[in-house]
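Novice: Can you keep this structure in mind? I'll have questions shortly.
The values are calculated or read from the model by the stated rules, or taken from the named source; none is laboratory data. This one's a predicted model, so the numbers in the text were calculated from it and none came from an experiment. Cβ placement follows ideal geometry from the backbone for every residue including glycine, while neighbour counts extend to all protein chains displayed.
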Amino acid sequence: MKQQRSIRIVKTVLLLAVIPALIYGFAMGPPANKSGAPGGGLCTECHAGSAAGSSIAITAASGTTYTPGQAQQITVRITDAANVYGFQATARTADNQQAGAFTAGAGMQVISAAGLQFIEHNTPSSNSTFTFEWTPPASASGDITIYAAGNAANGNGFNTGDRIHSGSLTLTAAGSQQPRPTIGLNGVVNGASFQPQIAAGTWVSVFGSNLASAERFLLGSDLVNGNTLPTELEGVRVEIDGRASPIGYLGPSQINVLAPGGTSSGPVRVEVKTPAGTSEASTVTSQAIAPAFFMYDAEGRRYIAAQHPPARSGLSATPIGKAGLIQDSTPAAPGETIILYATGLGPTDPAVPVGQIPPGAARIRENITVRFGETAATVDYAGVSTCCAGLYQINVVVPQTLQSGDVAVTAQIGSLQTQPNAFITIRAAQAQTQPQPQPETPAGGTYY
């Protein structure tokens, strides 16, 4: 009997020894990922108190900016009166990756999990303020957010009756040449028609402010594997429907990109990301195809970007337009086969991946009808232009019956057609025998 009593006493002592460890298990710091950051949790998962709200203040010594690579003090202060306090904080980039590194102060520790770093208390504190050092990444990384959760605890030795608070502070890189990018109202449009309809593989123009630090044209050295447009250029990235978009041109007030493959139909989100931060999202309508003619900028974008085919091999195509519209422009003639440049004509056979310069000619899969005024024209070829990613060309015979002057031209695929008020200048003359144009680089270089 004495032996059994002794065993029971030992078991009781051991149990009593374990209970305080269980009760105070998080007094030495919570598990990782309880800071309230995206994808993580809060202290309420272990403490039986309530998520009381935002009685927590997070401040940085530099205010709302950070200098890459330069350490600064971060302070987390819980403003809810309590007996003891604890906290956990983390720093994340806009895409929820680890940002910089922490250095623990007195009564704190730094822990890591799954590539993410957290700073937290390692002993309960009677002081509601925690100050520690944070060193940002060595280079500007856009907006960085400090997330923190705080425990205003009653100190009763149990995990009940405590109050959990959470908050965040977003810091922007200091010394940036421009503030965060801003997409203008209705600032996402088809890059050819400037109308608010896009489709996968269509050139898209994004208009706004602070979109890039300077104008930047695409160079051959920028191409991935020598044939594919990059999805990031000079630290600038455009996401459409959550997907990175191949880039053709950067400017402070305009970016030209290709809508990526797999873009959904209906309203889709568009964001611009630069070293200075991420824009507020804009919305544009995406559809299966979005046919549109490219236009010359002269005279209010009245005239279609079009060319006469080369007179013979080795010569360049020349632009179509009334005299003086652009350099060397001349009108089209009835009976002539001309080249119209477009975007958004849809999938081709064989398929060409979005952003890739086509290795050869590829016709569009759907039937296309081209009209000069009310007169249907013969289409010899409608498909990709082999010079450039995302550029289509339509080789079409100008109807013989046309008179001199400006004629409105439309191209229709199914129920969708190109923009209205797009013109070609005609000069009536006897039809000349014309060589059949092949997909080629437009005169004067690529449009994007």
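Novice: Name every residue in the stretch 334-370 that is surrounded by fewer than 17 Cβ atoms within 10 Å (Cβ to Cβ) and part of a strand (DSSP E or B), in order of residue number.
Specialist: Selection gives 349, 363, 369.
Novice: Let me ask something else. Restricting attention to the stretch 180-239, and to residues there that are aromatic (Phe, Trp, Tyr) and under 18 Å from the mean Cα position of the chain (by Cα), which single residue is surrounded by the fewest Cβ atoms within 10 Å (Cβ to Cβ)?
Specialist: Checked the stretch 180-239; the qualifying residue surrounded by the fewest Cβ atoms within 10 Å (Cβ to Cβ) is 207.
Novice: For the stretch 303-311, indicate whether the set of residues that are within 30 Å of residue 338 (Cβ to Cβ), surrounded by 16 or more Cβ atoms within 10 Å (Cβ to Cβ) and small (Gly, Ala, Ser) is non-empty.
Specialist: Step one: filter the stretch 303-311 for residues within 30 Å of residue 338 (Cβ to Cβ), giving 303-311.
Add one more test, that the residue is surrounded by 16 or more Cβ atoms within 10 Å (Cβ to Cβ), and what stays is 303-310.
If we keep only those that are small (Gly, Ala, Ser) too, we end up with 305-306.
Scanning the stretch 303-311 turns up at least one residue that is within 30 Å of residue 338 (Cβ to Cβ), surrounded by 16 or more Cβ atoms within 10 Å (Cβ to Cβ) and small (Gly, Ala, Ser).
Novice: List, please: which pairs have Cβ atoms under 9 Å, are six or more places apart or on different chains, and start with a residue in the stretch 48-73 that is modelled with pLDDT under 95 and end with one that is β-branched (Val, Ile, Thr) and assigned to a loop (DSSP other than H, G, I, E, B)?
Specialist: Pairs that qualify, where the first residue is modelled with pLDDT under 95 and the partner is β-branched (Val, Ile, Thr) and assigned to a loop (DSSP other than H, G, I, E, B), are 48/160; 49/160; 55/79; 56/79; 57/79.
Novice: Determine whether residue 334 is modelled with pLDDT of 95 or more and closer than 21 Å to residue 261 by Cα.
Specialist: No, not satisfied.
Novice: Would you point out the residue of the stretch 108-120, among those that are crowded, with 16+ Cβ neighbours inside 10 Å and farther than 18 Å from residue 169 by Cα, that is farthest from the chain's Cα centre (by Cα)?
Specialist: Going through the stretch 108-120, the residues crowded, with 16+ Cβ neighbours inside 10 Å turn out to be 108, 111, 116-120.
Now restrict to residues that are farther than 18 Å from residue 169 by Cα: 108, 111.
Numbers: 108: 37, 111: 32 Å.
In this case the residue turns out to be 108.
Novice: Out of 105, 142, I need the residue that is assigned to a loop (DSSP other than H, G, I, E, B), of a type outside the set (Asp, Glu) and in contact with a Phe, Trp or Tyr (Cβ under 7 Å, 6 or more places away or on another chain). Which one?
Specialist: Going through 105, 142 in turn, just one is assigned to a loop (DSSP other than H, G, I, E, B), of a type outside the set (Asp, Glu) and in contact with a Phe, Trp or Tyr (Cβ under 7 Å, 6 or more places away or on another chain): 105.
Novice: Going by what's in this entry, would residue 127 be described as surrounded by fewer than 16 Cβ atoms within 10 Å (Cβ to Cβ), part of a loop (DSSP other than H, G, I, E, B) and touching a Phe, Trp or Tyr at 6+ places or on another chain (Cβ under 9 Å)?
Specialist: yes
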